[in-house]
Amino acid sequence: MKRDGRLARRWIATGRLAAAMAAVLFLQTAVGDTLTEKATETVLRRARLMERAGSGLVVLISGETKNFSNDVDYPFRQENNLFYLTGINQVGIALALRPGAQEPREVLFLPRRDPSRERWTGRMLSVEEARRLSGIWDIRETGEWESFLDAALSGKDHEKRLSSSEEHTRVDNAAADSSDLWLILGNGTALAPLFRRERVFADTLAARHPRIRRKDLYPLFRDLRIVKSAYEIGRLRKAIDITCEAHQGVMQKIRPGINESELDGFIHSVFRKHGAQWGFPSIVGSGPNATTLHYEQNDRWIEDGEMVLMDIGAEVDHYSADVTRTIPAGGRFTQEQKTLYEIVLAAQEAAFSAIRPGATIREVHNAALTTLKAGLLRVGLVADTTGNQYRMWFMHGTSHWLGLDVHDPGTRDTIFAPGMVLTVEPGLYIREDALDYLEKTSGNEKLLQTIRPAFERYKNIGIRIEDDVLVTQEGYELLSGSAPRTVEAIEMLMGR
Ligand code: GLY
Ligand code: MN
Ligand code: MN
């Protein structure tokens, strides 16, 4: 038989993990016609997802374009889970997977190319291009989507395909027997509202197929996506390196009198120079603005003696970095700034030390907190470390998961394993109005008296130090270490 990879592609199309892995290996070693690294990834991801789902019908629908104004849209960005399974960033696609069924187990639905649409918004993917990107063999037109699902859910034959060169296939009744309909719903999570369209879609299908049981793909994606492959770590490294380059550049460029907006623009120019986008709007907060956690206005003139907090992340192939540096506009920390900065830095170091396989984000947070609270007591910003007083100055978690979403799915109690990537980002935010909102109790009156002098000394300083960390067999690797982090290293690069 000719070694043209056709057989291997049939194995991939079975969607079975072992067959897909063997086929990928065969294509890589024996056939010139290899899948791209990205397509190889998506082939294995689909096989793993199907292995976990076990049976039923898995359905993913494309994100929508969002309107910006009149006939102008925001740039389109594919829904991350569909992107994870297909590598395709085109609106209007849909994916059906049928774990446990006979072929076809993977079908991608693609809008038919439309020259008049392409004239306005650019080329649409051809069937061949979609195949090459995703490694999915069976590609059909989106117009067939609903009838395909109806057939799959009711066990009827369905024989149409987009490409006439292929032999006909049948949808057997495996999905119909189990009646499980898998969609991403985010049940019980804060993300559930993001999947409103999936819920509506499930309602529509349930109206036609009353026997189906809805199943939530969210926990499956969360468990799959949390461990990064070598390919994914490579994408993250690139995004993080670009982000660190932007931080280094700002440290050399910044001076009192510059506007936050100019730094924002400079950071974006570094991202774009490397072909990257941002994974979230840059936060460039100077002086009091540094105490607003997700400040995005970025339009204040920066004065001498102030600190500037920059929380930024380049995105490469949907993978986002998330790195924060807080630096003195004039190149040298004041005594007060340095005192608070060293507390945050020590908390970050304590958090790093807690990272190893088997640990959790909760433990990392607690390690940071112990150091932070001791520092706050030392400088007089809390009166004791046993309660929640520290929350006046540190009110967010220390870590989150990082990946396709800058806040990637995962929990605080997920057990660390090699390949997981998280942020470590303690901070202190001495907001000018923080004490105004304390309840007027006698205990709080006493607390106010105790901490008022320190508050007056440190108010309007906001500091966050955020780094991206890979869990390794031995412990961890700091991925964002090339952006200076210590007082000495920052002052040295700033050269003043
Ligand atoms: N950039 C958002 C965050 O640090 O979580
Ligand atoms: Mn973060
Ligand atoms: Mn951040």
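The values are calculated or read from the model by the stated rules, or taken from the named source; none is laboratory data. Predicted model, so just to flag it, every value in this text is computed and none were measured. In this analysis, Cβ positions are derived from the backbone assuming ideal geometry, glycine residues included, and neighbour counts consider all displayed protein chains. Each accessible area value is taken on the protein alone, full model and side chains, heavy atoms only, with ligands, DNA and RNA left out. Shrake-Rupley method; radii C 1.70, N 1.55, O 1.52, S 1.80 Å.
Here are the numbers for this structure:
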item: T371 away from ligand 1 (no atom under 16 Å from the Cβ), at pLDDT below 95 and either open to solvent by 30 Å² or more (accessible area, probe 1.4 Å) or part of a strand (DSSP E or B) (or both); result: no
item: Positions within the range 201-226 being touching a strand residue (DSSP E or B) at 6+ places or on another chain (Cβ under 9 Å) and under 15 Å from A417 (Cβ atoms), in sequence order; result: R222, R225, I226
item: Single condition R378 does not satisfy, out of (1) of a type in the set (D, E, K, R); (2) away from ligand 2 (no atom under 14 Å from the Cβ); (3) open to solvent by less than 10 Å² (accessible area, probe 1.4 Å); result: (3)
item: Filter pass, I490 being within 15 Å of K338 (Cβ to Cβ), touching a residue at least 60 places away in the same chain (Cβ under 8 Å) and within 16 Å of ligand 3 (Cβ to nearest atom); result: no
item: Single residue of L97, L108, L85, L125 found to be surrounded by 18 or more Cβ atoms within 10 Å (Cβ to Cβ), touching a residue at least 60 places away in the same chain (Cβ under 8 Å) and among the hydrophobic types (A, V, I, L, M, F, W, C); result: L97
item: Test set (1) open to solvent by 50 Å² or more (accessible area, probe 1.4 Å); (2) within 16 Å of ligand 3 (Cβ to nearest atom) - T386 fails condition number; result: (2)
item: Where a residue in the range 296-315 is in contact (Cβ under 8 Å) with a residue 60 or more places away in the chain and its partner, wherever it lies, is hydroxyl-bearing (S, T, Y) and more than 15 Å from ligand 1 (Cβ to nearest atom), with Cβ under 8 Å and at least six apart; result: M307/S286; L309/S286
item: Selection within the range 140-156 - open to solvent by less than 10 Å² (accessible area, probe 1.4 Å) and either more than 18 Å from R105 (Cβ to Cβ) or not in a helix (DSSP H, G or I) (or both); result: R140
item: Long-range neighbours under 6 Å by Cβ, at least six apart or interchain, first residue assigned to a loop (DSSP other than H, G, I, E, B) within the range 394-407, second within 12 Å of ligand 3 (Cβ to nearest atom) and of a type in the set (F, W, Y); result: V406/F280
item: Of residues in the range 395-449 being away from ligand 2 (no atom under 16 Å from the Cβ) and aliphatic (A, V, I, L, M), the one surrounded by the fewest Cβ atoms within 10 Å (Cβ to Cβ); result: I415
item: One residue from K228, K215 being closer than 19 Å to A47 by Cβ, open to solvent by 60 Å² or more (accessible area, probe 1.4 Å), touching a helix residue (DSSP H, G or I) at 6+ places or on another chain (Cβ under 8 Å) and modelled with pLDDT of 95 or more; result: K215
item: Filter result (under 22 Å from Y218 (Cβ atoms) and in a loop (DSSP other than H, G, I, E, B)) within the range 67-90; result: R77, Q78, E79, G87, I88, N89
item: Pairs with Cβ under 8 Å, 6+ apart, first in the range 241-263 and more than 17 Å from G481 (Cβ to Cβ), second among the polar types (S, T, N, Q); result: E260/S286; E260/N289; E260/Q297; E260/N298; S261/N298; L263/N298
item: Hits in the range 6-33 - residues which are closer than 14 Å to G135 by Cβ and modelled with pLDDT under 70; result: F26, L27, Q28, V31, D33
item: Residues (away from ligand 1 (no atom under 14 Å from the Cβ) and out of contact with any Gly (no Cβ under 9 Å at 6 or more places or on another chain)) located in the range 405-435; result: T411, D413, T414, P418, G419, E432, D433, A434, L435
item: Filtered residues of the range 379-404 (kept if farther than 17 Å from I361 by Cα and either of a type in the set (A, V, I, L, M, F, W, C) or in contact with a strand residue (DSSP E or B) (Cβ under 8 Å, 6 or more places away or on another chain) (or both)); result: V379, L381, V382, A383, M392, W393, L404
item: Residue within the range 468-487 that is of a type in the set (D, E), at pLDDT 95 or above and within 16 Å of ligand 1 (Cβ to nearest atom) present; result: yes
item: Given (1) more than 25 Å from E232 (Cβ to Cβ); (2) open to solvent by less than 30 Å² (accessible area, probe 1.4 Å); (3) away from ligand 1 (no atom under 16 Å from the Cβ), index of the condition I463 fails; result: (3)
item: Residues of the range 187-198 satisfying the condition of being of a type outside the set (A, V, I, L, M) and surrounded by fewer than 17 Cβ atoms within 10 Å (Cβ to Cβ); result: N187, G188, T189, P193, R196, R197
